[in-house]
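These notes concern the structure reproduced below.
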Amino acid sequence: MARRLATPRERVYSGAVTRIFDPAEIATAFRQEIRAEIAALGEPILLRGFLGTATGSTAAADRGPSHTYAEYTRKGCDDVGVKFDLVEVPRLEIERAIEAANADTGVHGILVYYPVFGTEQDAYLRELVDAGKDIEGLHRFWARCLYENRRFLDAAKTKKAILPCTPLAVLKLLDAAGATDPTAPRPLAGKRAVVFNRSEVVGRPLAAMLANDGAHVTSFDIDGALELVPGESDAGHLIRETRETRASALAGADIVVTGVPSKTFPKVTGDEIREGAYCVNFSTQKNFDDSILGKAKIFIPRVGPMTVTMALRNTVRLYLNATTRA
């Protein structure tokens, strides 16, 4: 069901209006639904979070955002009625801790706060989490479902596949902002989108999800651009090489999403975007210049509250998948 934000803030520049959406408002609507689902289950859901600890000043600094995310998770769990068990474990022991949680039938969801090592070893840990308890949707099993556009796990369509939290948060916010047609088979059909960030955790799956929903997507990272277009019928999207430039892609984009965690990223300006564009920033860094205000139709400056909410939504889905007979 589509959710529209009724009272966004507005910024007026040179007589033009840009509506600025607070993701916390739409997150509240989703949490009401999640709360009702959990209340109807009859037994508590337990989510276990893991914070890997290490020694040294650099390691301590790296854990700052993870602690913040863990606190947001705790508050979200308290809000909807999920039991949250946060475990701080030496990072060299986190592998065994994850395996124990995988085997524990009393644990319904697992959330690892990255970075743990900040290397390829983190990718190994993501694969170590049982896909049936991976509420962030980062396991290769869920990635395959996404890239094949497989939305259910069974022929009867009783068990839903889950999607990675931050990309899903972006899509739900775009939906709430009115960028989609919820009555269409592909709600973003005919739209052109630009995504700056092609990480395996957020940027790449986000571009794929936009294309699966019908958008023509140009995906940028430091290695250049790729083009993602919808496949036929319900098939997954297609990926092509492209010579599209930043300037030409932005000039034609209905939707611009940025997630570049660098202060050196050249901010997207009002001169670059088309009038009436929907602009979303999911980076901790400011990726848009203030000059987009008055040119963009919608600006969503952050997605954090919705990311946590989508993690809770995934927790319920995984619980239902595990307890529903095909």
Ignoring solvent entirely, what values of log10 I(q)/I(0) come out of the Debye formula for segment 60-169 at 0.10, 0.11, 0.12, 0.18 Å⁻¹ when each Cα is a single scatterer? -0.32, -0.39, -0.46, -1.05
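How big is the Cα convex hull of segment 165-304 in projection, averaged over all directions, in nm²? Intermediate values should be presented prior to the final figure.
Values: hull surface 31.1 nm².
Computing the convex hull of the Cα atoms and averaging its projections yields 7.8 nm².
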Of K160/K191; K133/K297; K75/K133; K75/K159, which pairs sit farther than 31 Å apart, going by alpha carbon to alpha carbon? K133/K297
Calculate for the chain the 222 nm mean residue ellipticity that helices alone would give, adding -39,500 (n - 2.57) per DSSP H run of length 4 or more and normalising by residue count, nearest 500 deg cm²/dmol. -11500 deg cm²/dmol
Quick one: helix 57-80 against the long Cα principal axis of the chain, what's the angle to the nearest 10°, folded into 0 to 90? 90 degrees
Highest first, please rank the peptides 247-260, 68-81 by the mean number of other Cβ atoms sitting within 10 Å of their residues. 247-260, 68-81
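With all pairs of different alpha carbon atoms counted, what Kirkwood hydrodynamic radius in Å does the chain show? Intermediate results must be reported in sequence, preceding the final value.
On the way: mean 1/r = 0.0487 Å⁻¹.
Radius from the Kirkwood sum: 20.5 Å.
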Loop-only GluC sites (Glu not before Pro) in segment 165-244, please: DSSP not H, G, I, E or B, and at most 13 other Cβ atoms within 10 Å. E200, E232
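Bear in mind these aren't lab numbers, they're just calculated from the coordinates by the rules spelled out. Since we're looking at a predicted model, the values are computed, not measured. Positions of Cβ are backbone-derived with ideal geometry, glycine not excepted, and every protein chain shown enters the neighbour counts.
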